[in-house]
Amino acid sequence: FKEFDWSTSKFKDVKIKIDGDLYARAWGGPLYGASNGGDVGETTMELWYPLIEKAYAQWRGSYDAIGNGGSAGTVMQAVLGRHDDMLSISGNTADTVWLNVQRAIDNKQPISAGTYGESQAARYTNTGVYADHSYSVIGYVERNGTKYVKLRNPWGESEPANNGANYGLFELPLKDFMKLYDDLHFTIAGRT
């Protein structure tokens, strides 16, 4: 991980040692899926992100310390050693949000979208999207004049009904994205 050192204005490495104990489902199966929408069988599931999550939790004190909200940008900054930035979705136009998504994806910057908090949980009823949760933004596409934001639920499962194969990957029309998501977090290109 990287920690910003205010005395030098640079990031410094922080080494974390972890064991191999990871969360599992109630029936004993692995909790994590595939990030690319492929097979989610026990022998093909990806392990890198639960290991990063465990190391980050250990660094910050516990899973409870990182599991009660916070900024995805803060995590990206710690993992990548790049400054993070945030854009309010509700405080901007759809065109501004779309341009920021395009710019981040085209520049190969990690980008995430956060939903509104638990106080607005009713907003998510029957949407397949969860309140107080962060989703990876993995792309964008425009089809037949409609703009879509491509998203991934980091749980590796659960997406809006009829919009994916339950790998956590899905597309939302920009108009729906604007209603369900509160902010974008991304690293600042070229600024370490």
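At a glance:
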{"item": "Filter result for Asp84 (crowded, with 18+ Cβ neighbours inside 10 Å, acidic (Asp, Glu) and in contact (Cβ under 8 Å) with a residue 60 or more places away in the chain)", "result": "yes"}
{"item": "All positions within region 155-187 that are at pLDDT below 90 and surrounded by fewer than 18 Cβ atoms within 10 Å (Cβ to Cβ)", "result": "Trp155, Glu157, Ser158, Pro160, Ala161, Asn162, Asn163, Ala165, Asn166"}
{"item": "Residue among Tyr135, Tyr140 that alone is within 16 Å of the chain's Cα centre (by Cα) and modelled with pLDDT of 95 or more", "result": "Tyr140"}
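The values are calculated or read from the model by the stated rules, or taken from the named source; none is laboratory data. It should be emphasised that the depicted structure is a prediction, and the values quoted were computed from it without experimental measurement. Here the Cβ is made from the backbone with ideal geometry for all residues, glycine too, and neighbour counts use every protein chain on show.
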